[in-house]
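Visitor: Can you read through this structure? Questions will come right after.
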Amino acid sequence: MEQPTIDFKGGQVEFNDLPYLFTGTSIDSFYLKEDILLIKYGNKSLDVGFYGDKQLRIAIIENMDWENKIYVKKIPRSSIKKGVVFHEINNAIDYLLNNKDS
């Protein structure tokens, strides 16, 4: 079975604790935190972390405007599986790169 991967597609990885989130088939509760992954693409950033309601949030931020995200995907804790998370991060990266002028 092929392991899920993330294609950063030229993004600059600023911070990455994502590999530590998953321990086997479950998640490591120590890593249920805000700062899990941050990738920069020019004036846009892709941010992954747990916020408030303890859902995993994948967000795209433009010009450091954290209050007005241009993309948000939330994954409930009960649905967090490595393959699902990596798939959704890849989808967000594709969205970011295909909507450069948003």
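Visitor: Within the set of pairs 6+ apart or on separate chains, which have a first residue in region 57-86 that is in contact (Cβ under 8 Å) with a residue 60 or more places away in the chain, a second that is part of a strand (DSSP E or B) and not basic (Lys, Arg), and C-beta atoms under 6 Å apart?
Guide: Once the first residue is in contact (Cβ under 8 Å) with a residue 60 or more places away in the chain and sits in region 57-86, its partners that are part of a strand (DSSP E or B) and not basic (Lys, Arg) give LYS82/PHE22.
Visitor: Being modelled with pLDDT of 95 or more and not hydroxyl-bearing (Ser, Thr, Tyr): is that true of ASN90 here?
Guide: So ASN90 passes the test.
Visitor: Just to verify a result, which residue in region 4-60, among those that are at pLDDT 95 or above and of a type in the set (Ser, Thr, Tyr), is nearest to ILE80 (Cα to Cα)?
Guide: Taking the candidates together, the pick is SER45.
The values are calculated or read from the model by the stated rules, or taken from the named source; none is laboratory data. Just so we're clear, the structure is a prediction, and the values are computed from it rather than from any experiment. For neighbour counting, all protein chains shown are included, and Cβ atoms are generated from backbone atoms with ideal geometry for every residue, glycine included.
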